[in-house]
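Just below is one structure, and these are the notes that go with it.
The values are calculated or read from the model by the stated rules, or taken from the named source; none is laboratory data. Bear in mind that the values here come from a model prediction, so they are computed numbers and not experimental data. Cβ placement follows ideal geometry from the backbone for every residue including glycine, while neighbour counts extend to all protein chains displayed.
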Amino acid sequence: MRKTYLKFSIPSITQAEIQEVVKTLKSGWLTTGKKAQLFEEKIAHYVGAEHGVSLASGTAARFLSLIVEGVQAGDEVITTPFTFISTANVIHHLGAVPVLADIDPETWNIDPECIAAAVTSKTRAVIPVHYSGQPCDMKNIKTLARKHKLRVIEDAAHALGAEYYGKKIGGLGNLTCFSFFPTKNITTGEGGVVTLNDERKAKRLRRLRLHGMSKDGWKRYAQEGSWYYEVHEAGYKYNLSDINAALGIVQMDKLESFNRRRTRLAERYAQKLARISGIKTLTLRPKIKSSWHIFPVTVEAETFGIDRNRLVKELWERNIGTSVHFIPLHLQPFYQKTYGYKKGDFPVAEKVFSGVVSLPLFPKMTLKDVDDVISAIQDIQESIPK
């Protein structure tokens with residue numbers, strides 16, 4: 001058994017990030033400014049989009065994306081039940097209706113056939129979520145969207161660096177929302193970015209992120225700025241500070257190395273877990289590249305010997321941290337009470353959830369750390385009374 005606790009995730013912060021943040025603190029400019037602009041440009045250039053708009057969180061990114069895509073109260077927005085709660089919360093907060101569509105049993109991404117079955121005359125948009133960093137079936141999703149005149153807003157919180165048919169997620173022509181929470185592939189502490197190719201919508205996103213004002217703080221208070229501004233719509237306080245952006249600028253330079261490491265660790269997991277009965281890993285589709293934000297597996301209790309909850313407890317006792325991604329939205333009391341969802345509505349998502357557990361995965365991990373996790377799982381299975 002490991003002598004020290006292996007955390008589920010640790011952000012990779014070095015002296016380079018610290019120095020960039022300190023430099024920003026000493027600059028006299030802390031809120032949205034040149035650093036935030038540089039960070040936006042780095043993201044947009046990396047994914048192959050024309051514009052990047054930085055925001056306070058991935059949640060803010062999704063919320064404002066719905067607004068600029070014209071979603072209004074009473075509209076329906078289709079998304080997956082197998083996602084973090086913020087994906088649906090932003091739909092609710094607009095007064096729109098989150099309509100859930102079940103997932104593919106192999107990739108655990110939203111199933112295009114289930115999307116098609118959920119479309120009604122009120123459907124305005126679809127939010128595919130690139131679960132774990134593996135891109136959704138965007139070809140069929142975009143075909144459906146064109147057929148029904150729907151807007152596509154990609155939830156790419158897990159997918160910075162992922163590729164679909166040779167193109168980076170974020171550069172497929174849709175509004176794409178990234179998150180930079182500390183567990184993500186890069187972090188700004190808290191933060192998000194929307195990438196897109198529409199200049200008009202990018203300008204509106206920038207206006208909405210700061211109260212609907214025509215000028216941000218830099219354009220009003222910098223030496224070359226002007227105090228005059230106009231407000232043409234009521235906006236929000238969703239801007240990203242230069243302090244957060246300073247972290248992201250350095251992290252972006254490391255993203256490719258981070259993702260290569262994540263891939264190497266994921267390959268080690270997959271190779272060794274294939275020898276353990278009762279543990280199932282994700283099926284990777286052809287012509288995609290996962291960013292491996294997380295490494296989820298499912299525990300088949302009858303074959304493995306114990307269920308997911310027991311495995312999580314046993315791993316914790318052996319100093320191995322884990323998480324569960326995700327509790328399906330339709331099993332949450334709020335969504336059951338508000339929208340009438342109930343257990344049994346989305347059987348594939350429920351089946352995956354019943355056994356899913358995410359194993360530790362972050363760039364600072366060693367191959368020995370992976371082997372320790374594997375050894376712990378093997379030890380647990382071998383210790384189960386026959």
Just checking, how many residues over the range 86-133 are farther than 18 Å from PHE178 by Cβ and part of a loop (DSSP other than H, G, I, E, B)? 15
If I filter the range 325-348 down to residues being under 24 Å from the mean Cα position of the chain (by Cα) and loosely packed, with under 15 Cβ neighbours inside 10 Å, which single residue comes out as nearest to HIS130 (Cα to Cα)? PRO347
Flag for PHE39 being modelled with pLDDT of 95 or more, within 26 Å of LYS149 (Cβ to Cβ) and not charged (D, E, K, R): no
Which residue pairs have Cβ atoms closer than 6 Å, lie 6 or more positions apart in sequence or on different chains, and pair a first residue in the range 349-378 that is in a helix (DSSP H, G or I) with a second residue that is among the basic types (Lys, Arg)? GLY355/ARG308; LEU367/ARG268; VAL370/ARG268; ASP372/ARG2; ILE374/LYS272; ALA376/ARG318
Tell me, yes or no, whether the range 159-170 has at least one residue that is in a loop (DSSP other than H, G, I, E, B), of a type in the set (Phe, Trp, Tyr) and under 23 Å from HIS45 (Cα atoms). yes
Regarding the range 63-81, can at least one residue be identified that is assigned to a strand (DSSP E or B), among the hydroxyl-bearing types (Ser, Thr, Tyr) and touching a Ser or Thr at 6+ places or on another chain (Cβ under 6 Å)? yes
Only one of ILE141, ILE153 is outside the structural domain of LYS289 (by TED's automatic domain parsing), assigned to a helix (DSSP H, G or I) and either under 18 Å from LYS289 (Cβ atoms) or touching a residue at least 24 places away in the same chain (Cβ under 8 Å) (or both). Can you tell me which? ILE141
Applying the selection to the range 274-297, what residues are surrounded by 14 or more Cβ atoms within 10 Å (Cβ to Cβ) and more than 28 Å from MET138 (Cβ to Cβ)? ILE276, GLY278, ILE279
Can you find a residue in the range 66-73 that is free of Cβ contacts under 8 Å to residues at least 60 places away in the same chain and surrounded by fewer than 20 Cβ atoms within 10 Å (Cβ to Cβ)? yes
Touching a strand residue (DSSP E or B) at 6+ places or on another chain (Cβ under 7 Å), surrounded by 14 or more Cβ atoms within 10 Å (Cβ to Cβ) and either within 24 Å of ILE13 (Cβ to Cβ) or assigned by TED's automatic domain parsing to the domain that holds GLY70 (or both), is that true of THR322? yes
